[in-house]
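Remarks on the structure that follows.
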Amino acid sequence: YAPDIHYTNINYLDTRSTAGITAGYLEAIRTDQLPFRSSIVVDEDESRRRHVILRLLSSGLDRTKYSNRFGESVTERFNSEFDALRLERCIEEAGGQIVLSRRGRGFSSLVADLFASERVKQLSESYK
């Protein structure tokens with residue numbers, strides 16, 4: 001595992017079988033192929049964005065933990081993104097936590113896209 005690299009695995013089969021995906025992954029390694037579709041080096045900006053996205057999509061974002069890790073306020077860093085989420089009632093804020101509201105969970109893929117960097121958006125477009 002490389003903590004500063006984010007990669008996406010190749011979807012080897014059209015089937016949703018975990019065994020088939022695993023077999024395709026291992027076959028790629030056996031034949032000296034890299035089993036990745038794409039990868040990027042995760043710089044500080046990407047690291048911040050990933051942190052926000054992953055926390056919002058799971059148990060919620062703790063403002064203090066973000067501040068301790070990155071040395072800044074998450075809502076100041078991503079002010080326009082959080083303003084948009086507040087306006088659309090997609091987040092709830094209480095006790096230093098920011099969580100997706102029921103409405104926000106319904107738009108979770110759009111929430112993730114909101115915080116994605118331009119670089120990641122461009123890479124995503126190249127794979128469509």
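The values are calculated or read from the model by the stated rules, or taken from the named source; none is laboratory data. These figures come from a predicted structure and were not determined experimentally. Counting neighbours? That spans all protein chains shown, and the Cβs are built from the backbone with ideal geometry, glycine included. What goes into the accessible areas is simple: the full protein's heavy atoms, side chains included, and nothing from ligands, DNA or RNA. Shrake-Rupley method; radii C 1.70, N 1.55, O 1.52, S 1.80 Å.
The table below lists the values:
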| item | result |
| --- | --- |
| Efficiency of FRET between Arg119 and Arg30 - r from beta-carbon atoms, R0 41 angstrom, step 0.05 | 0.80 |
| Portion, in percent, of the accessible area of the range 55-107 that falls on carbon or sulfur, probe 1.4 Å | 44 percent |
| Per residue accessible area of the range 36-124, 1.4 Å probe, in Å² | 60 Å² |
| Accessible area of Arg48 in the full protein assembly, 1.4 Å probe (Å², nearest 10) | 30 Å² |
| Nearest-10 value in Å² for the accessible area of Leu57, using the 1.4 Å probe | 80 Å² |
| Proximal charge balance of Leu87 [Cβ under 14 Å; K/R count +1, D/E count -1] | -2 |
| Computed FRET value (nearest 0.05) for Glu88 with Asp45, which takes r as the C-beta separation and R₀ as 22 Å | 0.35 |
